[in-house]
Amino acid sequence: MNSMKPQISDITHTDVCIVGAGPGGALLSYLLNRKGISTLLIERQPHLHKSFRGELLNADGEAILNKHGLYSHIQEQGVLPLEEIQYWEEGNILHTINPDADKGEHHVGVHVPQDHLLQAITDQTEALSPLHQVRFNTIMTGLLRDKSGLVAGINVRQHGIPHSIRASVVIGADGRYSAVRKHAGLVPEIRKHGYDLLWARIPAPPGWEPAVRMASMDGQQLALFSQYGGYVQIGWNIPERGYAQLREQPFAPFVGKLVSAFPCLADSVAAHIKDWSDFVLLSVESSYSSRWANDNVVLIGDAAHTMTPTGAFGLNAALEDADVLSELLMQMAEDDYRSTDVLQQLQAIRGSKVQQQLARQLQMESSFQQRYESFR
């Protein structure tokens with residue numbers, strides 16, 4: 001007996017289909033809907049409250065959100081401006097970097113919980129446009145092509161049920177493991193950085209001032225970021241592929257190094273970091289796709305250029321991509337999306353700055369210990 005293939009149960013039509021409801025995808029959906037362009041935003045998770053650790057806005061990202069009248073709405077959800085960058089040694093501040101008042105800076109960055117950012121943008125999108133659609137629990141399974149082989153949308157599984165979404169343009173805003181990038185054949189060049197990262201999140205002790213705190217631990221960077229809601233995010237660099245060997249060592253001496261660097265964290269660390277399972281391991285790499293667009297498919301954010309946590313560029317670069325791409329898509333809408341070569345302009349406009357940021361990350365990582373020692 002012949003096996004039956006699952007049937008597409010319905011077909012949805014939209015001008016632009018955005019895969020991935022992260023900051024870049026959500027902002028792009030808002031900007032397009034504001035101009036009357038119908039969009040469908042799909043997200044594999046069941047809601048907007050996703051686990052995400054790159055939540056630091058810099059001046060570029062804040063400027064984009066202010067430009068489009070969104071930052072005040074995000075502030076209402078809750079944000080935390082960080083007052084300074086501190087370099088610590090043996091429990092004391094060694095060096096401090098403050099905002100440049102001459103340049104009008106009031107902080108060194110803003111912690112924005114991702115669900116606050118996404119909720120604020122989505123609320124504003126829903127308020128202004130009946131064209132706005134979001135589908136959760138929806139996984140892209142491939143590109144939909146017409147009889148001539150041109151991309152005509154995407155195939156998905158929503159709550160496990162196959163669907164087809166027809167779209168004039170497909171946007172890959174689906175992160176470092178982008179399905180859109182894979183199916184469109186837009187292969188990235190991947191670069192390892194020689195380290196991996198251990199993450200942990202603990203309650204801040206009383207009197208903990210909002211700042212970025214740095215320490216050098218066995219020649220590796222240890223970074224602490226104050227977070228909205230009274231938390232501290234710990235990012236601890238370890239040698240690449242060294243976690244398995246690290247776990248063979250006793251845990252107490254390892255975590256004791258954290259307490260020796262920041263003694264005021266002793267109680268919170270003792271209560272919340274009790275064994276290796278209280279850390280999350282991130283394999284660190286960056287990437288850059290030599291092509292961000294192929295016909296009517298285009299990538300933004302980590303899908304086009306994955307960044308490491310260094311310098312907190314990733315979130316902000318995704319917002320900048322969305323801002324530029326929205327203008328290009330408005331141009332395309334004028335001729336019913338026939339001029340797909342317009343999508344190539346995104347990389348022409350943004351590529352140089354992104355490559356400079358990727359190079360800057362490498363420089364910051366390689367010079368950390370030397371820079372740290374210069375403060376002694």
Pairs, please: C-beta under 6 Å, at least 6 apart or cross-chain, first residue of a type in the set (Asp, Glu) and in region 98-117, second surrounded by 10 or more Cβ atoms within 10 Å (Cβ to Cβ)?
-> 105/99; 115/48; 115/49
Among (1) of a type outside the set (Gly, Ala, Ser); (2) modelled with pLDDT of 95 or more; (3) in a strand (DSSP E or B), the one test that residue 282 misses | (2)
Among (1) under 29 Å from residue 20 (Cα atoms); (2) touching a residue at least 60 places away in the same chain (Cβ under 8 Å), the one test that residue 269 misses = (1)
Single residue of region 136-148 satisfying the filter (in contact (Cβ under 8 Å) with a residue 12 or more places away in the chain and open to solvent by 40 Å² or more (accessible area, probe 1.4 Å)) that is nearest to residue 78 (Cα to Cα) = 136
In region 79-97, which residues are β-branched (Val, Ile, Thr) and without any contact (Cβ under 8 Å) to a residue 40 or more places away in the chain?
-> 93, 96, 97
Unique residue being within 13 Å of residue 79 (Cα to Cα), under 25 Å from the mean Cα position of the chain (by Cα), of a type outside the set (Ser, Thr, Tyr) and assigned to a loop (DSSP other than H, G, I, E, B) when the list is 116, 107 | 107
Unique residue being part of a strand (DSSP E or B) and hydrophobic (A, V, I, L, M, F, W, C) when the list is 269, 298, 255, 324 = 298
Within region 126-135, residues being in contact (Cβ under 8 Å) with a residue 60 or more places away in the chain, open to solvent by 50 Å² or more (accessible area, probe 1.4 Å) and in a loop (DSSP other than H, G, I, E, B) number 1
Please find, within region 309-331, the residue that is nearest to residue 353 (Cα to Cα) out of those that are of a type in the set (S, T, N, Q) and open to solvent by 10 Å² or more (accessible area, probe 1.4 Å).
-> 310
Is it true that residue 123 is over 17 Å from the mean Cα position of the chain (by Cα), touching a residue at least 24 places away in the same chain (Cβ under 8 Å) and not in a loop (DSSP other than H, G, I, E, B)?
-> yes
Every listed condition ((1) open to solvent by less than 60 Å² (accessible area, probe 1.4 Å); (2) of a type in the set (Gly, Ala, Ser); (3) closer than 30 Å to residue 218 by Cβ) holds for residue 293 save (3)
Restricting attention to region 340-373, which residues are over 18 Å from the mean Cα position of the chain (by Cα), open to solvent by less than 40 Å² (accessible area, probe 1.4 Å) and small (Gly, Ala, Ser)?
-> 367
Sort out for me the strands (runs of 3 or more DSSP E) sitting completely within region 149-209 that have 1 or more residues that are open to solvent by less than 40 Å² (accessible area, probe 1.4 Å) and either without any contact (Cβ under 8 Å) to a residue 60 or more places away in the chain or touching a His at 6+ places or on another chain (Cβ under 7 Å) (or both).
-> 151-158, 188-203
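The values are calculated or read from the model by the stated rules, or taken from the named source; none is laboratory data. The structure displayed is predicted, hence computed values, not measured ones. In this analysis, Cβ positions are derived from the backbone assuming ideal geometry, glycine residues included, and neighbour counts consider all displayed protein chains. SASA here: full protein model, heavy atoms, side chains in, ligands and nucleic acids out. Shrake-Rupley method; radii C 1.70, N 1.55, O 1.52, S 1.80 Å.
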